[in-house]
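Structure, as structure tokens:
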Amino acid sequence: MNKGSSRSIKAVLLILVALSVALAAALAISTPAFAHAQLRSGEPPAGTVLDDPPEDVRLTFNEPIGPLQARWFLPGTSEPVDVEARASDATLIVTPPETLPEGTHVLSWRVVSADGHPVGGTHVFSIGTVSEPAEIAEQATAWPAVLSRGLLTITLAFGVGGAFWRVTSGAASPRPARWLALSTLPAAGLLLAAQVMDLIGGGIGALTDLANWSNTIMSPYGYAAILAGFAGLAAWIALLRSRPYLAAIAWFLAAGSFAVAGHAARAEPVMVMAPLVFAHALAMIFWVGALPVLISELSRPDAVQRLQRFSRPALPLVLVLVGTGIALTIRQVETTTGLIETPYGMLLMAKIAVVLGVLLLALRHRFVLTPAMAASPQEALPQLVRSIRIEIVAMLVILALTAGFRILPPPRAMPPSVETAIEAHLHGPTAMADIVMTPGRAGANHITITPLDGNFAPMTPLEVTVFLARPTDGLEPIEIRAEKDDDGIWRAGPIHLPPGGVWDMTLDILITDFEKAVIGTELTLLP
């Protein structure tokens with residue numbers, strides 16, 4: 001490679017770095033930095049029994065969201081009604097159907113975070129009385145999106161990264177290397193298709209709706225797929241024509257595809273996090289892509305010189321990889337609790353363990369096997385080839401683990417746990433009560449009871465006993481006596497409830513030695 005070509009490559013690289021920083025800054029300024037949307041509360045609250053139909057349903061999240069889908073299941077029906085939903089900052093506002101009969105209503109909702117991850121769930125409440133809620137079909141899993149993201153990551157790392165090192169180092173560019181680079185295009189297409197299905201939680205049928213494709217292409221993962229596709233195309237041409245500047249462009253486009261989507265890239269402040277992800281991806285793509293090329297060159301007479309040529313850029317890029325990885329980990333996990341007590345943290349620890357093993361292999365290559373190759377190539381060559389192959393397998397494991405982050409919200413994006421509850425008002429001619437069951441789910445529950453007289457005034461009865469039964473399922477009543485606290489509130493529990501079904505709650509209130517009131521209602525446990 002002559003000096004003129006070297007200067008041209010350096011100029012192109014500097015221009016691309018400047019453009020990438022400018023792009024990251026533009027994204028940081030123009031797009032708010034969001035995390036992974038989590039539902040915080042609902043109005044009306046989940047599990048409540050309303051006297052009158054609500055004007056709308058409001059679901060509040062921990063960050064701004066965009067509506068994807070809202071379907072309303074009326075009592076006694078299994079077919080949903082598509083309803084209008086709009087977003088106001090972090091609140092999803094759903095307009096109910098025109099006529100809302102008495103019974104239990106189920107709202108199935110789906111929203112998208114600005115990082116491109118869809119989130120879905122159901123909101124259940126009743127009007128007038130509690131009925132058996134509609135059964136909601138399970139949403140399609142996100143595994144197609146995870147697998148397609150993993151496949152695209154592998155093709156970017158080995159195809160584009162390998163093309164960059166082959167062209168810039170002067171290695172041969174055989175046909176399999178060209179096809180590997182070009183395979184990034186179909187891999188990007190698979191990512192788009194998987195994201196289409198993931199956005200609406202549907203199956204293959206979602207691919208027939210052009211609107212779904214349009215929404216996906218304009219999402220962060222759509223941008224990532226487009227950049228990846230162009231990276232693969234540029235790498236293929238670079239290999240075909242031996243164009244180092246095209247190989248560099250492909251390298252930068254591939255890294256850019258990681259910097260426009262995902263938890264880490266969209267974490268606040270984006271102006272810092274997106275460039276960190278970009279630099280991390282640059283180092284990873286170079287390192288992974290160069291390994292198979294090194295194996296193919298170890299049989300050459302100048303194998304030691306080529307190893308040393310690889311070591312010169314590899315060492316600083318490994319430092320970049322480790323440094324950016326530490327910074328991203330600190331931002332994503334934030335606390336040691338998040339590292340050891342969350343699925344994201346456990347997956348991250350598995351990845352870190354494999355990375356440490358790879359770093360040890362790399363140090364052995366650099367300081368043991370490379371000098372051994374210079375001293376005795378015949379003896380050291382088999383060891384080095386075997387060690388690099390192990391390193392490649394370990395890199396594949398790392399890339400596979402990285403794809404798993406696609407469906408796991410990082411600890412920093414998880415809001416503080418919000419305690420759920422079911423609230424109800426029990427009404428009788430001589431006594432009433434406001435009750436709150438916490439958390440209102442299967443398992444251990446605590447009940448607070450505020451007794452009232454027939455005029456809604458606070459009352460101090462002699463005894464309050466709670467009965468919970470599920471006669472339709474043959475479950476005998478569960479009886480527990482409430483105890484009065486100093487604040488005048490009666491408390492009972494814990495009461496351990498099995499999952500599912502509609503529960504009959506009855507309060508036996510001993511008003512005086514000669515007067516007793518029995519009032520009740522129906523409750524549906526939260527999902």
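Residues that are over 20 Å from His427 (Cβ atoms), in contact with a Phe, Trp or Tyr (Cβ under 9 Å, 6 or more places away or on another chain) and not in a loop (DSSP other than H, G, I, E, B) within segment 495-527 comprise just one, Leu497. Of the residues Leu107, Leu92, Leu151, which is in contact with a His (Cβ under 8 Å, 6 or more places away or on another chain) and at pLDDT 90 or above? Every option except Leu107 fails the conditions.
How many residues does segment 210-239 contain that are in a loop (DSSP other than H, G, I, E, B) and touching a helix residue (DSSP H, G or I) at 6+ places or on another chain (Cβ under 8 Å)? Matching residues across segment 210-239 total 1. Filtered by the rule that a residue be hydrophobic (A, V, I, L, M, F, W, C) and farther than 30 Å from Trp165 by Cβ, segment 194-216 gives Val196, Met197, Leu199, Ile200, Ile204, Ala206, Leu207, Leu210, Ala211, Trp213.
Among the residues of segment 74-87, is any closer than 30 Å to Asp434 by Cβ and surrounded by 16 or more Cβ atoms within 10 Å (Cβ to Cβ)? Within segment 74-87, one or more residues are closer than 30 Å to Asp434 by Cβ and surrounded by 16 or more Cβ atoms within 10 Å (Cβ to Cβ).
Of the residues contained in segment 149-157, none is found to be outside any strand (DSSP E or B) and farther than 30 Å from Ala238 by Cβ.
Conditions tested, residue by residue: (1) touching a residue at least 24 places away in the same chain (Cβ under 8 Å); (2) closer than 18 Å to Val112 by Cα; (3) of a type outside the set (Phe, Trp, Tyr).
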residue	(1), (2), (3)
Glu43	no, no, yes
Gly47	yes, no, yes
Pro53	yes, no, yes
Phe61	yes, yes, no
Gln69	yes, yes, yes
Gly76	yes, no, yes
Arg86	no, yes, yes
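Can you say whether Ala492 is in contact with a strand residue (DSSP E or B) (Cβ under 8 Å, 6 or more places away or on another chain), assigned to a strand (DSSP E or B), closer than 18 Å to Thr48 by Cα and small (Gly, Ala, Ser), as far as the supplied structure shows? Answer is no for this residue. Look at Val518 and say whether it is among the hydrophobic types (A, V, I, L, M, F, W, C) and closer than 17 Å to Gly47 by Cα. Criteria not met by Val518. Condition first: in contact (Cβ under 8 Å) with a residue 12 or more places away in the chain and within 21 Å of Phe258 (Cα to Cα). Can you find one or more residues in segment 358-371 that meet it? No, the conditions are met nowhere in segment 358-371. Being among the charged types (D, E, K, R) and more than 26 Å from Thr122 (Cα to Cα) is a property that holds for Asp508. Tell me which of these Pro429 doesn't satisfy, since it passes every other one: (1) assigned to a helix (DSSP H, G or I); (2) more than 30 Å from Gly42 (Cβ to Cβ); (3) not small (Gly, Ala, Ser). With respect to (1) assigned to a helix (DSSP H, G or I); (2) more than 30 Å from Gly42 (Cβ to Cβ); (3) not small (Gly, Ala, Ser), Pro429 is out only on (1). Could you tell me whether any residue of segment 98-113 is buried (at least 17 other Cβ atoms within 10 Å of the Cβ), among the basic types (Lys, Arg) and closer than 27 Å to Gly262 by Cα? Scanning segment 98-113 turns up at least one residue that is buried (at least 17 other Cβ atoms within 10 Å of the Cβ), among the basic types (Lys, Arg) and closer than 27 Å to Gly262 by Cα.
The values are calculated or read from the model by the stated rules, or taken from the named source; none is laboratory data. Being a predicted model, the structure only gives us computed values, none of them experimental. We place every Cβ from the backbone using ideal geometry, glycine too, and count neighbours over all the protein chains shown.
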